[in-house]
Every structure is written in structure tokens, then in C-alpha cells.
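Colleague: Sharing a structure with you now.
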Amino acid sequence: MAELVINGVDMPDPAINGGLTYAPEKIWSKNTGRVSDGEMFGDIVARKMTLKIKWNYLTESQIALIESAIYDSFFDVKFKDPRTKKYVTKRMYAGAPTYPVYDVRDGMYRYTGVGVDLIEK
């Protein structure tokens, strides 16, 4: 099984050492903020997962695979939740991907440090 499946498509393995970062984020209520004595006030209404993904040394066809998987507004992402150590599927959307060009050989681009953030809906 692939480490990461986006929109039903097995993704290339993320980069080693920091290629896949899990960021469980707290979503606070509208009335959240600091009060006059400096104390924090508010309620957590949800916890949502953000996946920060980086890949190294990808080909044009791998870039096309990633781009097609994250094209839709929302899509399913299957990954191993670091808290439970079990595979979960979350409905997510993508931030703006980055595609740094590593080099060009024979008219073919290769990329390194490709990245995208996937945010739970």
C-alpha cells in the first residue's frame, strides 16, 4: 500500500526526513481572543488535519499525476494518522502547489522540493 493516496491515486513516496508533516490544527469559536486582563478566551469547535507534503526528484509524469489528483475542489486522502497509527481517509483540499525545477535534460524537466499542503475540509 502506498504511504499516501490522493483521490484514489497512489502518490510517489514523500521525501525522506520531513517530506510528510502532520499538523493537527485547532479550530476556535468566533468569540475567541484575548480579554482585558490578557487571558485567552474561547472554545475549540473542531480539530482538523493538515498534511504538508514534499517530494524530491520527480519527473514530468509524476508532476502530472499529483496535479490531476489534487485538481478537484475537494478529494479523499488516505494516510496513516500518527496519533492512532492506523490508515484514515479524510476529505481535504489543496493549497497552492510548488514545482521547483531541478534541471532540464533532453527537453524533459525534473523537479525537486515539490510541495503542497492538504487541509481537511
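Colleague: Given the conditions (1) free of Cβ contacts under 8 Å to residues at least 60 places away in the same chain; (2) of a type in the set (Ser, Thr, Tyr); (3) not in a loop (DSSP other than H, G, I, E, B), report the number of the one that THR84 does not fulfil.
Modeller: Tallying (1) free of Cβ contacts under 8 Å to residues at least 60 places away in the same chain; (2) of a type in the set (Ser, Thr, Tyr); (3) not in a loop (DSSP other than H, G, I, E, B), THR84 fails exactly one: (3).
Colleague: Can we say TYR71 is open to solvent by 80 Å² or more (accessible area, probe 1.4 Å), in a loop (DSSP other than H, G, I, E, B) and of a type in the set (Phe, Trp, Tyr)?
Modeller: yes
Colleague: Quick check on the stretch 87-121: of everything there that is part of a loop (DSSP other than H, G, I, E, B) and among the hydroxyl-bearing types (Ser, Thr, Tyr), which residue is nearest to the chain's Cα centre (by Cα)? Explain how you work it out, then say what you get.
Modeller: Initially, the stretch 87-121 is screened for residues part of a loop (DSSP other than H, G, I, E, B), giving 95-97, 99-100, 106-107, 112-113, 121.
Filter once more, keeping what is among the hydroxyl-bearing types (Ser, Thr, Tyr): 99, 112.
Details: TYR99: 14, THR112: 17 Å.
Going through the qualifying residues, I end up with TYR99.
Colleague: Still on this structure: Only residues that are within 12 Å of the chain's Cα centre (by Cα) and touching a residue at least 60 places away in the same chain (Cβ under 8 Å): list them for the stretch 9-27, please.
Modeller: TYR22
Colleague: For the list (1) over 30 Å from TYR109 (Cα atoms); (2) in contact with a helix residue (DSSP H, G or I) (Cβ under 6 Å, 6 or more places away or on another chain), I need the number of the one condition that TYR87 fails.
Modeller: (2)
Colleague: Let me ask something else about it. Among the basic types (Lys, Arg), under 13 Å from the mean Cα position of the chain (by Cα) and open to solvent by 90 Å² or more (accessible area, probe 1.4 Å), is that true of LYS30?
Modeller: When the stated conditions are applied, LYS30 does not pass them.
Colleague: Could you figure out which of (1) surrounded by 14 or more Cβ atoms within 10 Å (Cβ to Cβ); (2) modelled with pLDDT of 95 or more isn't true of GLU3?
Modeller: It is condition (2) that GLU3 fails.
Rundown of residues vs (1) open to solvent by 80 Å² or more (accessible area, probe 1.4 Å); (2) β-branched (Val, Ile, Thr); (3) modelled with pLDDT of 95 or more, yes/no style:
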{"position": "ASN56", "(1), (2), (3)": "no, no, no"}
{"position": "THR59", "(1), (2), (3)": "no, yes, no"}
{"position": "PHE75", "(1), (2), (3)": "no, no, yes"}
{"position": "ARG83", "(1), (2), (3)": "yes, no, no"}
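The values are calculated or read from the model by the stated rules, or taken from the named source; none is laboratory data. Fair warning: this is a prediction, and the values are worked out from it, not measured in the lab. With ideal geometry, Cβ positions are generated from the backbone for all residues, glycine too; neighbour counts draw on all protein chains shown. All accessible areas refer to the heavy atoms of the entire protein, side chains included, with ligands and DNA or RNA removed. Shrake-Rupley method; radii C 1.70, N 1.55, O 1.52, S 1.80 Å.
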